[in-house]
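Asks: Below are the structure tokens for one structure; questions will follow.
Computed from the coordinates by the stated procedures, all read-outs in this text should not be read as laboratory data. Not measured: the values here are computed from a predicted model. Neighbour counts run over all protein chains shown; Cβ positions are idealised from the backbone, glycine included.
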Amino acid sequence: MTLHQTSKITTIIGLIFEGLGVFGIAMGAALFNMFQSDVFFDLIAEDFTPAEIQLVTQMFSVFSVVFVVMGFVLFIFFIVNLILFTKLLQGKYTTETAQNVLLYQAIYGGISLFSNQIVGILYLVSGIQGRAAIQKEKYPIREGL
């Protein structure tokens with residue numbers, strides 16, 4: 001079972017943007033960890049009170065943990081998607097399995113709309129188009145009378 005060219009392209013672009021999102025989350029976590037360094041606080045020490053510096057330190061600690069957890073979860077989903085969608089693009093699935101993967105892709109795309117809209121739209125479109133194409137191949141519509 002092979003995908004149509006449009007579904008292939010949108011899936012590949014979605015995987016690229018998802019990978020960039022994981023990279024961006026990792027860079028955000030590294031940035032928040034960098035802001036927790038003493039060098040950063042030495043630069044701003046004269047502009048802020050010790051209580052404000054402590055508050056900023058706590059905020060950076062919380063954001064750093066949030067970014068690391070989000071990055072880890074997104075990385076896991078990226079790896080799963082990379083494996084599933086690569087096999088889908090190569091046509092290694094049966095029709096039924098491909099339909100299930102495309103359904104997962106559409107559902108994951110809908111959920112991804114909350115965090116990464118570009119990836120969500122691409123996966124949603126690709127999953128729906130792919131399933132529609134399989135349905136059309138499976139049950140051809142007869143034209144005319």
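Asks: Most fluctuating residue of F114, F75, F17 in a GNM of the chain with Cα springs under 10 Å: which is it?
Replies: It is F114.
Asks: Defining a contact as two alpha carbons under 8 Å apart and six or more residues distant in sequence, what relative contact order in percent does the range 5-138 show? All intermediate terms of the calculation are to be shown ahead of the outcome.
Replies: Working: 114 pairs, mean separation 46.0, N = 134.
Relative contact order here is 34 percent.
Asks: Which of the helices in the chain, when you take each full DSSP H run, stretch at least 15 Å along the axis at their Cα atoms and have an average Kyte-Doolittle score of 0.5 or higher? Numbers along the way, then the final one.
Replies: Values: long enough: 5-35 (45 Å, 1.26); 50-89 (56 Å, 1.99); 95-112 (25 Å, 0.27); 117-138 (31 Å, 0.36).
Within the chain the helices that satisfy the rule are 5-35, 50-89.
Asks: Can you give the convex hull volume per residue for the Cα atoms of the chain, as a whole number of Å³? Walk me through the intermediate numbers first.
Replies: Working: hull volume 17.0 nm³, N = 145.
Cα convex hull per residue, to the nearest whole number: 117 Å³.
Asks: How much length, in nm to one decimal, is gained on full extension between V66 and T49, taken as 0.36 nm per residue of separation minus their Cα-Cα distance? Walk me through the numbers before you get to the answer.
Replies: Details: separation 17, 0.36 × 17 = 6.12 nm, distance 2.58 nm.
Extra length from V66 to T49 when fully extended: 3.5 nm.
Asks: Among I53, I12, I79, which one shows the biggest mean-square fluctuation in a GNM of the chain, springs joining Cα atoms closer than 10 Å?
Replies: I53
Asks: Of M70, T57, N100, which is farthest on the positive side of the dipole of the chain, counting Cα position, with +1 on Lys and Arg Cβ, -1 on Asp and Glu Cβ, and the Cα centre as origin?
Replies: Selected residue: N100.
Asks: Quick check on the chain: helices-only [θ] at 222 nm, where DSSP H runs of length 4 and up contribute -39,500 (n - 2.57) each and the sum goes over total residues. Nearest 500, please. Mind showing how you got there, number by number?
Replies: Numbers: 5 runs with 118 residues, N = 145.
Calculated at 222 nm, the ellipticity per residue is -28500 deg cm²/dmol.
Asks: Sticking with this one: So for L122, L113, L102, L84, fewest C-beta neighbours within 10 Å to most, what's the order?
Replies: Lowest count first: L113, L84, L122, L102.
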